[in-house]
Amino acid sequence: MARFGIRVRVEGIKVSKVNIAKLKKLAHRGIVECTAKSAIKVQNAARQSSAVDTGRLRSSIRINFTDNGAGADVGSDVEYASFIEHGTMPHFPPVDALRKWARRVLRDEGAAFLVARAISRRGTKPRPFLQPAWDGERRNYVQCVKREIRTALRKSDLKTRIRIF
């Protein structure tokens, strides 16, 4: 899953927990909006670039919001999603699992053994779809969150320097 969030360090600040809670409350709504927009963009980009055979992987890419909407996980619960994203080392897959695929794609169910043998020699190449989707959106997300935190700082009366990384 592509997991994203942001860390913030506030330097030169000596304030009470009340002021920090106020800052968090002021920034939360904007951060939730940034997260939602970016999560949807990541989901759409991942769906567009995912490998498509039956469409099961593409349709399984979903968003799970965390931290009251301030964080999000975008990913798939399909058991083979990580094998597509990262590829595999050489291994001998079960031929029965490849028969349907060979019939549908190669129009020859008997070729399943040959495909399994090729995978046992070379593995499978990665075809990333989640990481590139996140990489394409990361800068926009970070800029949006920085903007929201700076806006919240202006509204909060806190005089401080902020470093977001």
How long are the three semi-axes of the equivalent ellipsoid of the stretch 28-135, in whole Å, if each is the root of 5 times an eigenvalue of the C-alpha gyration tensor, listed from largest down? 35, 13, 10
Grab the other residues whose beta carbon is less than 14 angstrom from that of GLU109, score K and R as +1, D and E as -1, and report the net. +3
Environment charge of ASP96, counting only residues whose C-beta is closer than 13 Å and scoring Lys/Arg +1, Asp/Glu -1: +2
Give me the distance in nm between label points sitting 7 Å out from Cα along the Cα-to-Cβ direction at TYR80 and SER60, one decimal. 0.9 nm
In nm, spacing of pseudo-spin labels at TRP101 and ASN44 (7 Å Cα→C-beta vector): 3.0 nm
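Read-outs: derived from the displayed coordinates by stated rules, not from any lab. Please read these numbers as outputs of a predicted model, since none were measured by experiment. All Cβ positions, glycine included, derive from the backbone under ideal geometry; neighbour counts span all protein chains shown.
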